[in-house]
Amino acid sequence: MSNVYSTICPGCNFGCGLYIRENGAIDIDFRKSSPANAGKLCRFGMNLPKLYAPVKSMIDGKEVTLEDAAKEAAKRISAGSTAFLSFGNTTCEELLAFQKVATSYLCTGVNFDALPKDTYQTLSVGIPYSEIEAAKHIVLFIDPYEQYPLIVRRLLSAKKKGAKITAVWWKALPIANETIKPADVSKLQLSKDSLIISDFHPMSDADQVKNVLALAKNAGARVTFLKPFANSTGAYILSKDAKQKSHGALVDDINKGTIKTLFCLESDPSILPAETLAKLTNIIVQSGSAISDKANIIIAHEPLYKKKGTLINNEGRAQALGGAGTNGLDALGIMAGAKFEFNALHESVKKAIGISTVDEFTVPKYDRPAYSAIQAAPKPFEAKTALVSVYNPFMWFNLADDNDFVELNLNTVRSLKLLKGGTLKIKSNGSSIEKKFKVAPVQDNVIISAKKFGIEKGMLTPVEILR
Ligand code: SF4
């Protein structure tokens, strides 16, 4: 007999619904009634059985029970100097419990601190996808195909109704009527009919985010920020008033030695540089999927599809997971020295969102308060050649993907005298890697990668390229 769960893909904050069938192995079935995706899934969604490979609780390489792992974690956390990291890839209820454990140091990854407080709401909750389909002019600061693939259907629908699409990107995107280089963004013409689609994540450059907000503000245009984790929106709404740190602040504090233990809830520690992780005494990962081989302690709770709880997608739509599991809450309770009751947390979540029931077919009304004018002057990128990392679900989840190549244009291939079917050397800060390449309509002096190679310094990495 098989168990079937109606669930949400954790790959990004788009909130695609699907069924997961457990039948010895894990299979996926399409859920046509899902309002975000009408049953369709991208390549990452189709690869979910790989993400949900079973994971076991461990202490220093030895298999233990979840309870023992959580007790040992509590002991090591109580020594102090602990940071608590969660990007928002779990339920709102678990995130509320997590905030009660993480009072000393909460890291949600994104750099809210560097942004004006009155923009938090705009950054946290996007707009309904129906508004994207109805827009007259859409400006993309993302590569929709790679980063948030299910939005492509909404963009095509808008285009069919006559929308013009402008991309501000390093590569000509087939869906766009025109592409403007990011360095030439001042040429972008916006009006109050324009809708800007950008994204907001732990690697976002605060100046770039401010620039997008300022462009929208000055033109009276709308703006929406897509996000990478299933419950990023829920995490930001729930932690807006909490004292939280960014990914950059966490890296600094670990490097300085003020943080010695890192507790990650459904978040991959390898998002931090390897040399930073090496400075930690303890890495504790609580997760339902195999996201880290670096942890000293793994607290293996149920996978997301077996959990009970609420996720908020990018539109602000509250979606109920179809499971009944609360192992994750129980483990957090051991660390807090208290029992977390699901129902009480669920009531607090509904209150924070302003809803009385979780109904995936209704997008609640959110305030979109006007934010003040923003001074934005993004720094020009000085390096001659840049590696552009196109952050996508496979990268965020460290899941194997076959995109083991970089994209560059024909001018670059010719100037380096690269051979068809050959490789390219990429050097950065003393590291050197050799990669296959594909020719694509990429701008000069840029190479694009949708895979993490380990030499990156953020979205843009200065590199030297040679044959
Ligand atoms: S990764 Fe995002 S776009 Fe792809 S199926 Fe999952 S939720 Fe949908």
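The values are calculated or read from the model by the stated rules, or taken from the named source; none is laboratory data. If you're wondering where the values come from, they're calculated on a predicted model, not measured in any experiment. Neighbour counts run over all protein chains shown; Cβ positions are idealised from the backbone, glycine included. For the accessible areas, the whole protein counts, side chains as well, though only heavy atoms, and no ligand, DNA or RNA atoms are used. Shrake-Rupley method; radii C 1.70, N 1.55, O 1.52, S 1.80 Å.
Which ones in region 292-325 are among the charged types (D, E, K, R) and open to solvent by 10 Å² or more (accessible area, probe 1.4 Å)?
293, 294, 302, 306, 308, 317
Would region 90-99 turn up any residue that is over 20 Å from residue 245 (Cβ atoms) and within 16 Å of the ligand (Cβ to nearest atom)?
yes
Of the conditions (1) in a loop (DSSP other than H, G, I, E, B); (2) more than 30 Å from residue 289 (Cα to Cα), residue 455 clears all except one; give me its number.
So residue 455 meets the others, but not (2).
State all residues of region 412-467 that are small (Gly, Ala, Ser) and open to solvent by less than 80 Å² (accessible area, probe 1.4 Å); if no residue qualifies, say none.
Across region 412-467, the qualifying residues are 421, 422, 428, 431, 432, 440, 449, 450, 454, 458.
On the basis of being among the hydroxyl-bearing types (Ser, Thr, Tyr), part of a helix (DSSP H, G or I) and either crowded, with 22+ Cβ neighbours inside 10 Å or in contact with an Asp or Glu (Cβ under 7 Å, 6 or more places away or on another chain) (or both), does residue 224 make the cut?
No; evaluated as a whole, the condition is false for this residue.
Go through the residues of region 255-275 one by one and say whether even a single one is at pLDDT below 95, open to solvent by less than 20 Å² (accessible area, probe 1.4 Å) and not in a loop (DSSP other than H, G, I, E, B).
Yes - at least one qualifying residue is present in region 255-275.
Quick check: is even one residue across region 421-431 within 18 Å of residue 170 (Cβ to Cβ) and either part of a loop (DSSP other than H, G, I, E, B) or assigned by TED's automatic domain parsing to the domain that holds residue 293 (or both)?
Taking every residue of region 421-431 in turn, none turns out to be within 18 Å of residue 170 (Cβ to Cβ) and either part of a loop (DSSP other than H, G, I, E, B) or assigned by TED's automatic domain parsing to the domain that holds residue 293 (or both).
Checking residue 53 against (1) within 8 Å of the ligand (Cβ to nearest atom); (2) closer than 14 Å to residue 289 by Cβ, only one condition comes out false. Which one?
(1)
Provide a single number: the residues in region 1-20 that are touching a residue at least 40 places away in the same chain (Cβ under 8 Å) and within 13 Å of the ligand (Cβ to nearest atom).
Number of matching residues: 12.
Among the candidates 327, 398, which residue alone is in contact (Cβ under 8 Å) with a residue 60 or more places away in the chain, assigned by TED's automatic domain parsing to the domain that holds residue 114 and among the polar types (S, T, N, Q)?
327
Going residue by residue through region 202-211, is there one that turns out to be within 25 Å of the chain's Cα centre (by Cα), within 23 Å of residue 372 (Cβ to Cβ) and either without any contact (Cβ under 8 Å) to a residue 24 or more places away in the chain or open to solvent by less than 10 Å² (accessible area, probe 1.4 Å) (or both)?
Yes, because at least one residue in region 202-211 is within 25 Å of the chain's Cα centre (by Cα), within 23 Å of residue 372 (Cβ to Cβ) and either without any contact (Cβ under 8 Å) to a residue 24 or more places away in the chain or open to solvent by less than 10 Å² (accessible area, probe 1.4 Å) (or both).
Go through region 38-50 residue by residue and tally those that are near the ligand (Cβ under 7 Å from one of its atoms) and either open to solvent by less than 10 Å² (accessible area, probe 1.4 Å) or among the charged types (D, E, K, R) (or both). Walk me through how you get there before you give the answer.
Taking region 38-50 and keeping what is near the ligand (Cβ under 7 Å from one of its atoms), we get 41-42, 44-45.
Narrowing the set further to residues that are either open to solvent by less than 10 Å² (accessible area, probe 1.4 Å) or among the charged types (D, E, K, R) (or both) leaves 44-45.
Within region 38-50, residues that are near the ligand (Cβ under 7 Å from one of its atoms) and either open to solvent by less than 10 Å² (accessible area, probe 1.4 Å) or among the charged types (D, E, K, R) (or both) number 2.
Looking at residue 160 and the list (1) away from the ligand (no atom under 16 Å from the Cβ); (2) surrounded by 20 or more Cβ atoms within 10 Å (Cβ to Cβ); (3) without any contact (Cβ under 8 Å) to a residue 24 or more places away in the chain, which single condition is not satisfied?
Looking at each condition in turn, residue 160 falls short on (2).
Considering only residues that are free of Cβ contacts under 8 Å to residues at least 24 places away in the same chain and within 11 Å of the ligand (Cβ to nearest atom), look in region 24-37 and name the one that is least open to solvent (accessible area, probe 1.4 Å).
28
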